[in-house]
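We did not get these values from a lab; they are worked out from the coordinates using the rules stated. All values reported here derive from a predicted model rather than from experimental measurement. Ideal geometry is used to build each Cβ from the backbone, glycine not excepted, and the neighbour counts take in all protein chains shown.
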Amino acid sequence: MKYSMKILIRSFNPETLKNATEQIIEMRKFSPNVFVPKQIIIGFPTTTQKWTVLRSPHVDKKSREQFQMKNYCVSYNTTFSSQKELTLFFQKLKHTEIYGTEFSVKIMHSSFFNKFI
């Protein structure tokens, strides 16, 4: 069986996003299997949300404040040869302390019989 993991990392700060991806790559390098077969890092474009708020609701309609929020996103894809290796990496990922980021993890597997379907 072949297992693959897709980790979607989101952050408001590009530096924390870069540090998080570097930590995940370092964790993957020290896996029990010395040969790391496939690692793909995909950067997504930043999304920007903008708001305009009136300062005074009654009198000055022309005085307004503008705010914006930027979201940065990176996808990290990797493959595993065994379920034990996958669970060890997932436990490491679960117990790391990476602040300022949000993770969403998808785990997929393919077997010998998937080729014939």
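Comparing 30, 89, 80 in a Gaussian network model of the chain, where Cα atoms under 10 Å apart are tied by springs, the biggest mean-square fluctuation is seen for 30. Using R₀ = 41 Å, calculate the FRET efficiency as 1/(1 + (r/R₀)^6) where r is the Cβ-Cβ separation of residue 110 and residue 66; round to 0.05. My answer for the efficiency is 0.25. Normalised by the number of residues in the chain, the average gap of Cα pairs under 8 Å and 6 or more apart makes the relative contact order 49 percent.
When each of the peptides 62-69, 19-26, 99-106 is scored by how many other beta carbons lie within 10 Å of its residues on average, the order from highest to lowest is 19-26, 99-106, 62-69. The modelled label-to-label distance for the pair residue 54/residue 16, using points 7 Å beyond Cα in the direction of Cβ, is 3.4 nm.
To the nearest 500 deg cm²/dmol, what mean residue ellipticity at 222 nm is calculated for the chain from DSSP H runs of n ≥ 4 alone, each contributing -39,500 (n - 2.57), summed and divided by the residues? Counting only the DSSP helices, I get -8000 deg cm²/dmol. Among the listed pairs 70/92; 50/70; 2/84; 50/106; 6/94; 6/92, a Cα-Cα separation exceeding 20 Å is found for 70/92; 50/106.
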